[in-house]
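Notes to accompany the following structure.
The values are calculated or read from the model by the stated rules, or taken from the named source; none is laboratory data. Values in this document were obtained by computation on a predicted structure and should not be read as measured data. In this analysis, Cβ positions are derived from the backbone assuming ideal geometry, glycine residues included, and neighbour counts consider all displayed protein chains. The area values use the complete protein model at the heavy-atom level, side chains included, leaving out ligands, DNA and RNA. Shrake-Rupley method; radii C 1.70, N 1.55, O 1.52, S 1.80 Å.
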Amino acid sequence: MEMLEKLLIGSHVLAGILSLLTGLIAAFIGKKGGKLHRQVGKVFFWSMFWVFISALLIISFVRFSAFLMVIAVFSFYMAFSGYRTLKIKKAMKVEKIDWIAAIVTGIFGLGMIGMGINYLTPSSSSSALGYLCLIFGFFTTQTAIKSIYQFRKLHKADKMWWWFAHLDAMSGSLIASITAFLVQNGRLFALSSDYGWVFWLLPTIVGIPIITYWNIKYRKQFRSPVV
């Protein structure tokens, strides 16, 4: 059992590192939609898939971790949504798996908000984890609602809707992956524990302006309306 536990955790870490590297390559190296982008994008998605599955197994059979659960669900749904967007684009049809994934993710997001409220009750000392659950619960729920809204309005969508949906989802997944890496390996940066919150905020603070720049750039290029 101990060997299985080590193998599971080791594979989780390896998949996390692989998703981080391929995500950065897909984001910053090569042409968007080019051969390299597509190839490393597939590796990124399947690495995120195993990060998610292994996280669920670790939570279920090794030890429960609210942090791991929060990051795993949010980051994988973003990767899944970005991957499925390219499939939906071809047929312009939303499948049952897309609806189910969005609804389950939305329910999970609401559950995380409930966990956050519970952690923030006076009898609990897990205030940091409470705020974490509230923040990620909000963004998880918002992401699911946005997906459902997009599914319902697909027939009215701009012709390049899929480009921006894919860009936003995959970028969000990468930001979550970077956040997880920094939080889990914060000691490597010799930063005082009093400033641990920096690792939670830095990827988002840096990432959002970059995503916004890309959105503006490609909307001008494709002459797509701002939504």
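Keeping all protein chains in place, calculate the accessible area per residue for the chain (probe 1.4 angstrom), answer in Å².
59 Å²
Computing the accessible area with a 1.4 Å probe over protein heavy atoms, can you report the carbon and sulfur percentage for the chain?
Within the chain, the accessible surface is 69 percent carbon and sulfur.
Between Lys146 and Trp197, what is the label-to-label distance in nm when each label sits 7 Å out along the Cα-to-Cβ direction?
Simple spin-label model gives 2.4 nm for this pair.
Mind checking which aspartates and glutamates have their C-alpha under 17 Å from Lys42, skipping anything on the same chain fewer than 8 residues away?
Cα-Cα hits under 17 Å: Asp168.
Would you look at the GNM of the chain, springs on alpha carbons closer than 10 Å, and say which of Asp98, Asp168, Asp158 moves the most?
The residue with the greatest mean-square fluctuation here is Asp158.
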